Amino acid sequence: METTIINSKDYYGDNCLKDVTENVGILERLDPHGYVEIFEKDENGEGNKLVGKSNLVLYLGREWIAERLANIDNPNTTLTRDMFLSWLGVGTGGALIGDPLNPISPNSNDNSLTTETNFNATGTTYADFRGGFYYKHPFDSITFEQDAQNNNKYLIINITTTIGTDDCNGANINEAGLFISTSNDPAFAGPFNIFSKITFPTIVKSDTRQLVFVWYIYV
């Protein structure tokens with residue numbers, strides 16, 4: 001009896017999953033991606049957009065996606081399938097000190113922010129307490145949005161986080177990342193693994209400014 005083997009592969013495409021067979025060949029491969037907007041709110045509540053650019057979903061994040069899809073832990077990674085998107089981190093290592101408006105592009109091999117900075121010492125909803133300070137900020141909300149380019153299907157995840165007037169004051173912020181963990185409970189100690197990362201022109205944080213991160217993930 002003759003046996004025919006059919007191999008099929010799914011790849012993330014531009015706002016969709018692309019299904020290809022070995023017989024057809026892979027014409028293109030586009031990876032999971034996202035887009036980040038950062039808004040400023042001053043002490044009067046007035047705001048404007050400071051940043052709008054694509055982020056990079058890192059290899060760590062893509063390995064985690066594979067485990068989630070298969071619902072199997074990969075013994076070759078330190079990730080587990082019960083992790084989920086749960087925290088925001090920010091840092092000051094996304095640009096050279098002498099060139100603060102020229103961000104350094106993240107690399108897919110990055111497994112952390114370059115120089116993570118703390119939010120504050122007294123927050124009751126934060127996590128990752130080290131050296132007297134909290135380094136992970138909870139999300140305000142996660143919502144699903146329709147993708148107009150794909151028949152208005154709910155293929156966009158919107159993660160919004162507000163960095164308040166008590167957070168990161170005096171820091172020159174120029175990098176941020178979404179982190180996965182097994183808990184979003186306050187004071188959770190980890191582990192934390194970075195999912196995606198963005199760098200941007202330096203923003204000087206003060207107690208008169210709030211920064212609102214709106215992070216879109218397209219699937």
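The values are calculated or read from the model by the stated rules, or taken from the named source; none is laboratory data. Treat the numbers as computed from the prediction; the structure is a model and nothing was measured. Note that we place each Cβ from the backbone using ideal geometry, even for glycine, and neighbour counts take in every protein chain shown. Just so you know, the surface numbers come from the protein's heavy atoms only, side chains and all, with ligands and any DNA or RNA stripped out. Shrake-Rupley method; radii C 1.70, N 1.55, O 1.52, S 1.80 Å.
When the Cα convex hull of region 50-93 is projected onto planes of every orientation, the mean area is 4.5 nm².
On a per residue basis, the convex hull of the C-alpha atoms belonging to region 93-219 measures out at 131 Å³. In the context of the full protein assembly, ASP147 retains an accessible surface of approximately 10 Å², using a probe radius of 1.4 Å and ignoring ligands and nucleic acids. Label 7 Å along Cα→Cβ of LEU96; region 189-209 residues with amide nitrogen under 19 Å? What the label zone holds, given the 19 Å backbone N cut-off, is 199-203. Cα-based radius of gyration for region 52-131, normalised by 2.2 N^0.38 Å, reads 1.34. Pop the C-beta distance of THR77 and SER108 into the FRET formula with R0 = 22 Å and round what comes out to the nearest 0.05. Computed FRET efficiency for THR77 and SER108 comes out at 0.90. Nonpolar atom fraction for region 105-182, defined as the carbon and sulfur part of the 1.4 Å probe accessible area, stands at 44 percent.
At a 1.4 Å probe radius, carbon and sulfur cover how many percent of the accessible area of region 34-103? All intermediate terms of the calculation are to be shown ahead of the outcome.
On the way: 1950 of 3890 Å².
With neighbouring chains kept in place, the figure for region 34-103 is 50 percent.
Remark: the ILE142-THR115 segment gains 7.1 nm on full extension, using 0.36 nm per residue and subtracting the alpha carbon distance.
If you take all other residues with their beta carbon under 12 Å from the beta carbon of ASN169, and give Lys and Arg +1 and Asp and Glu -1, the sum is -1.
Distance from the Cα centroid of region 173-215 to that of region 73-140 is 5 Å (rounded to whole angstrom). Computed with a 1.4 Å probe on the full set of protein chains, the accessible area for GLU145 sits at about 60 Å².
Nearest 0.05, what FRET efficiency do GLU40 and PHE84 give at R0 = 22 Å with Cβ-Cβ as r?
E between GLU40 and PHE84, to the nearest 0.05, is 0.15.
Note on THR125: accessible area is roughly 70 Å² with a 1.4 Å probe, heavy atoms of protein only. For region 78-174, the list of trypsin sites (Lys or Arg not before Pro) that fall in a loop by DSSP and count at most 16 other C-beta atoms within 10 angstrom reads ARG81.
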